[in-house]
Each structure stands twice: as C-alpha cells, then as structure tokens.
Amino acid sequence: MCDVCNGRHVVYGYTRIGTMIQPCPNCNPKPKEQYEQEYQERMKRFELAKERFSKEVIPC
Ligand SMILES: [Zn+2]
C-alpha cells in the first residue's frame, strides 16, 4: 500500500480557500472515470468557494 496516500490515490493540499484534493504523486491516480466525476464535484465546490471568497474583502 502506498505510504503517501494510504491507498486512496489522492492527497490533500491545503490552500487559503480550502482543501484541494490532488492525485497521489507516488502511485497511479484513480480510474479516469472516477477521477473525472470527482474532478467535476471538486470544481463545483471550488467555484462555490471562490464565489464566497471573492465576496469577502481580505487584506493582504
Ligand atoms: Zn499513493
């Protein structure tokens, strides 16, 4: 079993707008179909987060 992803084939990356799920760099990604489906859901969530993020004024 892969040590990086614990056999889940994805790794989590943290950004300031939330958690991003990425394919594991250490082993093969999930089957394309499943990956595509999750990608769509992820993008949906990302768009929602972006929308919410853009409404907030965050001083840098
Ligand atoms: Zn892995």
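Observations on the model:
- Within the range 17-35, if we keep just the residues that are part of a helix (DSSP H, G or I) and surrounded by fewer than 11 Cβ atoms within 10 Å (Cβ to Cβ), the residue that is modelled with the highest pLDDT turns out to be 33.
- Residue 42 vs. criteria at pLDDT below 90, surrounded by 13 or more Cβ atoms within 10 Å (Cβ to Cβ) and of a type outside the set (Val, Ile, Thr): no
- Members of the range 1-16 that are open to solvent by 90 Å² or more (accessible area, probe 1.4 Å) and either in a helix (DSSP H, G or I) or within 16 Å of the ligand (Cβ to nearest atom) (or both): 1, 3, 6, 8, 12
The values are calculated or read from the model by the stated rules, or taken from the named source; none is laboratory data. Remember, it's a predicted structure, so these values are computed and weren't measured experimentally. Note that each Cβ is placed from the backbone with ideal geometry, even for glycine, and that neighbours are counted across all protein chains shown. Accessible surface is based on the protein model in full, side chains and every heavy atom, while ligands, DNA and RNA are left aside. Shrake-Rupley method; radii C 1.70, N 1.55, O 1.52, S 1.80 Å.
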